[in-house]
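Taking it in order: structure first as structure tokens, then the write-up.
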Amino acid sequence: MASHRRLVFALTTVVALLRAVAKDDSILRPWPPDCSTANNYTAGSQYQRNLAELLSRLPAAAGDNGWFYNGSAGAGADQVFGLVMCYADYNATACLDCLSRAPAGITTVCPGSRSVRAMYDACVLQYSDAPPIPATADLNYLYRVYLSFPGVDVTSEGLREAWVPLMSELTGGVAASPLRLANGSTPYSSSQDMYGLAQCTRYLNASECARCISNYASQLGKLFPNNSGGVVKGYRCYLRYQVAALDITLPPAPARSPEPEPSSSRSRFPQNASGSTTGTGLSDVTVILLVSVGSASILIVLCFSAWLLLRRRRRKMAKLHEETRTMEDEFEKGTWPKQFRYGELAIATDNFSDRQKLGEGGFGSVYRGFLMEMNLHVAIKRVSKGSKQGRKEYASEVRIISRLRHRHLVQLVGWCHGGGDLLLVYELMPNGSLDKHLYSADSKLPWSLRHKIVLEIASAILYLHQEWEQCVLHRDIKPRNVMLDASFHAKLGDFGLARLVDHARGSHTTVLAGTLGYMDPGCRVRGRASAQSDVYSFGVVLLEVACGRGPAVVLDDDAVIHLSRHVAELNGRGRVLDAADPRLGGEFDTREMESVLVTGLWCTQEDRNTRPSIRQVLGVLQFELPLPSLPERAPVVVYKPPAGLLMNSDPSSHGRNSTSGMSTSI
């Protein structure tokens, strides 16, 4: 009995403390809000009552709907529409605090306003008397936040190299996610990764969300020229990047579809015998009982959640082992390349020492090795079994490239499952990838070699698209995947994203894949890859080889446009040869240079139906077909950059939208 009294006393004390905190708690203040000043509502009006009903419903409705709610209250001229949403880089505690305190205090911050947009650190709140807020992207950003992390060597070039793949991943991921939320990472240096988050309000459709994030991304170079982290924040979109680990809290699955509660259905709670009630109308005894039951429920839920997580982890490991075993059975039964023992490859690479490392990719590292038994120098790609995407690309590469035979495709020598890794063994390309030679400070790649290389890669793509038994869509054609052997013969490699398509089918519906700047802009909207998508990527490679510069061109005013647009503008003025790489010093065949530049523009036409086939491309490059007549209007392509921590906020002007593309103008 005594212990029961102590428990009641303790719970009563907790309730009293909570009341005291609630009384002293200050209003949650947003960043400078957008409060309307015309046609304000008056005290006691129907609009005020509808607004009060909507705001009181938002916290619970959003909490039950994955931390997002979009609804209305009332009808006719006094109907109120509103939404609230949490940002994923804040934890559940901060989110729930913002969900409860923002609606409670907004009418104090914006008294009488019929339309309000308010942004907080952890959430965004909006309401208006207009019909449902239009589901269109607002390309203006409201705030930018500079982030700084110690121990990060920041260079503009290093940031751009990391932004491009990361922003591509985020733009595609946020459009594909029902939550309109995506996070990811990409290597920034040999020992550091760049992490990012993209998020849109959930009423935006996929294309509008991608357009908004892409626009923000395109402005990163201007907003954060030398920052190891940054945030771009608007009322409908949110973008963040940082060269440091980024904690993401995914919202819980919606418990139910929140329905508006009619005002007539709300009951009044009676007072207790002493006439006292809690802030919600409940007696103290009732609150104590609820707290006791709630505590026990939370403990049960936590135990059940821990059991579920453990079971899920075990199932994941079992599934991983089963997938690996299935792959091994398939590779051993088929006519695949040689299966190596793990020990052989460990010896060949000096136990995968850093001295033998050639480079790193998104899902593993590549090492130089020597197979004594075969007297063969090789490159060995090491993929972690724990990476789901890495396993998918590994399996795709073995299944596809091992069946292809062409002198300008990198040859797969063998494979191995062992040591906790998936290993691919390729013929070694002593001269590395094309991009290293295009931008080498030590030497320039002469035009004769450049022209030979583009012809060789075009012939490889022709084989993939039209001359093999099925059409092979590479989906990631770029200079980094063009390898050069000892004699500078070009070979196309990295088939991790490749897909097989019957020749009768023009395209293949698939998950967004590729590298920003080289990816067909239409793929990001339609999600369909085709032979014309590969042609677009090869067109960008043609322009890059001829111009000696990457897909992103920085203008004098720091605006960023796509290389194809830059060359098209010169071509429209009859000066296309001015786009040639200045490092060549004019030492090139003008007919060859013009054919490469104009064909590159032909391949990168915005309308895929006006692009050539790869056979037509090869015909023009070999002077078997005449140069095409191109429209005077330059192709327009768009893509963009990321954001970071919430400190040193810097409100921006509201007119910063961009229609040029690296989702800036690329």
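For (1) hydrophobic (A, V, I, L, M, F, W, C); (2) more than 27 Å from V154 (Cβ to Cβ); (3) in contact with a Leu (Cβ under 8 Å, 6 or more places away or on another chain); (4) touching a residue at least 60 places away in the same chain (Cβ under 8 Å), each residue gets a yes or a no:
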position: Q192; (1), (2), (3), (4): no, no, no, no
position: Y195; (1), (2), (3), (4): no, no, yes, no
position: E208; (1), (2), (3), (4): no, yes, no, yes
position: C212; (1), (2), (3), (4): yes, no, yes, yes
position: G230; (1), (2), (3), (4): no, no, yes, yes
position: G234; (1), (2), (3), (4): no, no, yes, yes
position: V243; (1), (2), (3), (4): yes, no, no, yes
position: L250; (1), (2), (3), (4): yes, yes, yes, yes
position: A253; (1), (2), (3), (4): yes, yes, no, yes
Could you please give the count of residues in the range 319-365 that are closer than 30 Å to L166 by Cα, loosely packed, with under 13 Cβ neighbours inside 10 Å and modelled with pLDDT of 85 or more? 3
Within the range 119-147, track down each residue that is among the aromatic types (F, W, Y), modelled with pLDDT of 85 or more and in contact with a helix residue (DSSP H, G or I) (Cβ under 7 Å, 6 or more places away or on another chain). Y120, Y127
In the range 564-599, anything hydroxyl-bearing (S, T, Y) and surrounded by 15 or more Cβ atoms within 10 Å (Cβ to Cβ) is listed as S564, S595, T599
Restricting attention to the range 618-641, and to residues there that are within 32 Å of the chain's Cα centre (by Cα) and among the aliphatic types (A, V, I, L, M), which single residue is modelled with the highest pLDDT? A634
So, restricting to helices (runs of 4 or more DSSP H) that lie completely within the range 1-115, which ones have at least 1 residues that are modelled with pLDDT under 85 and within 31 Å of the chain's Cα centre (by Cα)? 46-63
Consider R480 carefully, then state whether it is within 20 Å of M519 (Cα to Cα), assigned to a loop (DSSP other than H, G, I, E, B) and either in contact with a helix residue (DSSP H, G or I) (Cβ under 8 Å, 6 or more places away or on another chain) or not basic (K, R) (or both). no
Somewhere in the range 531-545, is a residue part of a loop (DSSP other than H, G, I, E, B) and not basic (K, R)? no
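The values are calculated or read from the model by the stated rules, or taken from the named source; none is laboratory data. Note that the structure is predicted; figures quoted are calculated from it, not measured. Here Cβ is always computed from backbone atoms with ideal geometry, including for glycine, and neighbour counts include all displayed protein chains.
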